[in-house]
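Read the structure below first, then the notes.
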Amino acid sequence: MANNTTVSVDETKLKDFSHQVAGHGGMLHTEGKKMLIKPMVQRELKFYEQAANNPLIKPFLPEFFGTLQLSQGFSEKAEQSASFPINPHDKETRAEDTYICLENLVCRFENVCIADIKLGTQLYDLDATPEKRARMEAKAAVRTTSLIGASVSGLSIPGKPAFDRKELHKLTLETMKTEALIPFFAVAETMVSAEYRKFIIRQFITELEEYREVIRQCETRMFSSSVLLVYDASKGRYARFLGGGKGVHSAGTQRSDSGSGSEDGGEDAEDSGALLDMRAIDFAHGHWVPGQGPDEKYLFGLDNLISILREILAL
């Protein structure tokens, strides 16, 4: 959808989004869990609206349904009860009481495993003040951001609390593998099988390689943006997949091999029986920059993430 659509929901049926592992706080979801409601940043809204006209990148983003205006009292109450911490600095760029409505990427999974991987060597935006730029450069320097253009921002596996974000920010290139990504994929082996672990990693590599080819053709700058890797550590779901019942990933109407999904999204979307999903998310600092070529700093991180997954697959 190129033009912004206004969405209406029953505020009394909105719930705190408990699966958030990184990014901005204050997210909600609808009662049926199919739609994610995120505090709006004007730049992110503009990015999604422009992406709607790009058939290459659109399949790799959450479906965008439009914007939603909530009452002031409800917004304040939602922020106070949010399970994920809200950064006071976020309020400086957010449109008060206005939200963007997106596809909920995790609602279809049973035993969901979630990894938020921030890509790119530059965390600050084009219009960042010298102070903000210095602060973001300092953050990038102590994380794996400056070194490889990729860092683990959030991680969640079934039965355990989400990984502490402050600890994730301390990861080195080696511990990013040994303490974050290797354990993340080990759940697939523990809860399903060694075969499934390799299957999931191979599939993510394939998805990321396809996405990389798209980004090479897009003239964007996506500072502090992430890719979300989501998979289901469900033995029953994998068995149904092997039996020919469902497809690999949940972006069925957008990427051809899932064979399931909903064209209109929202509350009518059904469980596709998918095993995994990979999407690019978080565009509060995203831009379309015609004539300036692809984002090489972002591609550098994407290349390195793919290489790391190949290393883990070989273990």
* Mind checking which lysines have their Cα closer than 16 Å to the Cα of Lys198? Skip sequence neighbours fewer than 8 apart in that chain. => Lys177, Lys235
* Asked: Once a ≥ b ≥ c are taken as the square roots of the eigenvalues of the Cα gyration tensor of the range 143-238, is the result rounded (a/c under 1.5), prolate (a/b larger than b/c) or oblate (a/b not larger than b/c)?
  -> oblate
* To do: At a 1.4 Å probe radius, which order do Thr30, Thr5 fall into by accessible area, largest first?
  => Thr5, Thr30
* Asked: What does the charge dipole of the range 119-191 about its Cα centre add up to, to the nearest 20 debye, if the Cβ of each Lys and Arg holds +1 and the Cβ of each Asp and Glu holds -1?
  -> 140 debye
* To do: Could you tell me which of Ala138, Gly154, Asn104 has its Cα farthest along the dipole of the range 97-165 towards the positive end, charges placed at Cβ (Lys, Arg +1; Asp, Glu -1), taken about the Cα centre?
  => Ala138
* To do: Whole Å is fine, so just give me how far the alpha carbon centre of the range 147-165 lies from that of the range 176-196.
  => 13 Å
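The values are calculated or read from the model by the stated rules, or taken from the named source; none is laboratory data. As the structure is a prediction and not an experimental result, all values here were calculated from the model. Because the Cβ atoms are built from the backbone with ideal geometry, glycine has one as well, and the counts that use them run over all protein chains shown. Accessible surface areas use protein heavy atoms only, side chains included; no ligands, DNA or RNA. Shrake-Rupley method; radii C 1.70, N 1.55, O 1.52, S 1.80 Å.
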